[in-house]
Amino acid sequence: MLRHVFSALSSLPCHSVSVVNYRSASLVSGFSSCCELNFAVEMFGSIVGHARGHGSSGVAVAMPFSIPKRFVWPHGGRRVFLTGSFTRWSAFIPMSPMEGCPTVFQVVCRLTPGYHQYKFNVDGVWRHDVYQPFVSGDYGTVNKIYIVREPDIFPLSTLSAETSGRSRMEVDNAVSQYVEAYPRMSESDLQVSRCHISMFLSAHTAYELLPESGKVVVLDITLPIKHAFHALYEQGISMAPLWDSSKCQFVGMFSVTDFILILKLRNLGSNLTEEQLEAHTIAAWKEARVQECRTDNNGSTCPQHFVHAGPHECLKDVAVKILQNNVTTVPIIHSSSEDGSFPQLLHLASLSGILTCICRHFKHCSGSLPILQQPIGSIPLGTWVPKVGESNKKPVAMLRPNASLDDALSLLIQAEVSSVPIVDGNGSLVDIYSRSDITALVKDKAYARINLDRFSIHQALLLGRYTNSPFRLSNGPRCHMCLRSDSLHKVMERLANPGVRRLMVVEAGSRRVEGIITLRDIFRFLLG
């Protein structure tokens, strides 16, 4: 069998992503003289109150409580100023262009809790941001904002430090309710963050995803299907590129999805016997699927064209290819000739690797991504369990441990998901069954002895625990979880870990499943 598996171990030069620390633009630039605008340093919304009439009494007057508020003008201009009710509409605060986004201006002011109005002066013209709440008043159309005093308990940094080490998510229920205290994400913050991420991904190439050394497994299309399944299991992988020796080209991918479809065919009474699995090649199986899709339009999963990328393509293009073609990995292939002959497989790029680059680059300059500190429960991200009365939301696919393995495999294919949460009668997370778990049936030819309708998910999970492949990390956690109060930054760092493709959002304490956030969800949100 191994003569058909090309396992190339190559030591490649270091191609680590260079970290460029963005230095935030000056939040408040120095005031300069201007003929038409009156500058004043007196107003930033936090006027210190002095005791009046109490000179000899010794009674101190408490200073007003103020909260830093970041104002953003994302619509371009050469010179932008901010004014508002917090400056008595008489002082004009200059705004600075953000580093890397010259069309986006920002400034931070300290405002007292309460209702405020504000407006922008862009190149001498009064403007308001149409993407923010606005009203008509004495100063024309102005934007409005209501500053709520932040609670003195449960700061975000404290929550992250206290809960990060609790893998079972046994935290106080009060933590999961704290998210309601956070303000909604502003459209300007979202645009600024997407601008910075897009610029970073466009400036870096797939070549930077290459590790210092690594192993890639390639399957020849003449390999029997049965041996291909064993190769995936023994190497601890869920997919591998296909090589056509007659064409000297890479022609596609072979994955656990093929294994699932074949098992479903056998369970439906197909004549695909063990001997035929031994004789049928990958090429024959792929051709049969193509013919089936040409004659049957019942929504079955059809083979796609081979999606790959070059080492000099930017990371943004690679991510878009993965999203648009609904694939999990994109082979990075290099060819020194113009006609594409003699291709060399360098790496299998994934969204996880690209997300690792993003987290590494913005680790020390997270201020340039305002949305990173937003709790995931307050942003349109992921798939969530519908609340009572919500009938327009797509439900989260979940199964009980006693459900059949056939139900799980059907759900994985029909719902086009990579995993299914396994919950108890209360909806609390018990385990998870993913597509890669199906390779456990290869051990001792278990797939040939079981009936998918009578074999439960619980039995399949037990089988997987005792038949881990030599290359699989058996001691790692199966269920990766988070809370709806966790910040987007924290969720992104967890998803950047190798092997983690989704996070189960659970309720603190009960571990009741509230939603699922996948790598695809993160990139769809970040790339807009």
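Some observations on this one:
- Whole-percent carbon and sulfur share, accessible surface of segment 194-248, 1.4 Å: 56 percent
- Contact order relative to length of segment 393-528, as percent, for alpha carbon pairs under 8 angstrom and 6 or more apart: 22 percent
- Derived scalar couplings between HN and Hα for segment 199-214 equal 5, 5, 5, 6, 8, 10, 10, 5, 4, 6, 7, 5, x, 5, 8, x Hz in order, rounded to whole Hz, by the Karplus curve 6.51 cos²θ - 1.76 cosθ + 1.60 (θ = phi - 60°), x for Gly and Pro.
- Listed peptides 502-512, 411-421 by packing density, highest first (mean Cβ within 10 Å): 502-512, 411-421
- When you count the other C-beta atoms within 10 angstrom of each residue and take the mean per peptide, 356-363, 284-291 line up highest first as 356-363, 284-291.
- Phi to ³J(HN,Hα) by Karplus 6.51 cos²θ - 1.76 cosθ + 1.60 over segment 438-449, Hz, x for Gly, Pro: 5, 5, 5, 6, 6, 4, 6, 6, 4, 4, 7, 10
- Per residue Cα convex hull volume in Å³ - calculated over segment 359-444: 178 Å³
- Within the accessible area of segment 405-528 (1.4 Å probe), percent carbon and sulfur: 47 percent
- Ranked by the mean number of other Cβ atoms within 10 Å of their residues, highest first, the peptides 88-97, 334-343, 240-249 come out as 88-97, 240-249, 334-343.
- Full extension of the segment from V307 to F342, taken as 0.36 nm per residue of separation minus the current Cα-Cα distance, would add 10.8 nm.
- For K490, a cut-off of 19 angstrom between C-alpha atoms picks up these lysines, skipping any fewer than 8 places away in its own chain: K363.
The values are calculated or read from the model by the stated rules, or taken from the named source; none is laboratory data. The shown structure was predicted, so the numbers you read here are calculated from the model rather than taken from an experiment. Note: ideal-geometry Cβ built from the backbone for every residue, glycine included; neighbour counts use all protein chains shown. Quick note on the areas: whole protein, heavy atoms, side chains included, nothing else; ligands and nucleic acids left out. Shrake-Rupley method; radii C 1.70, N 1.55, O 1.52, S 1.80 Å.
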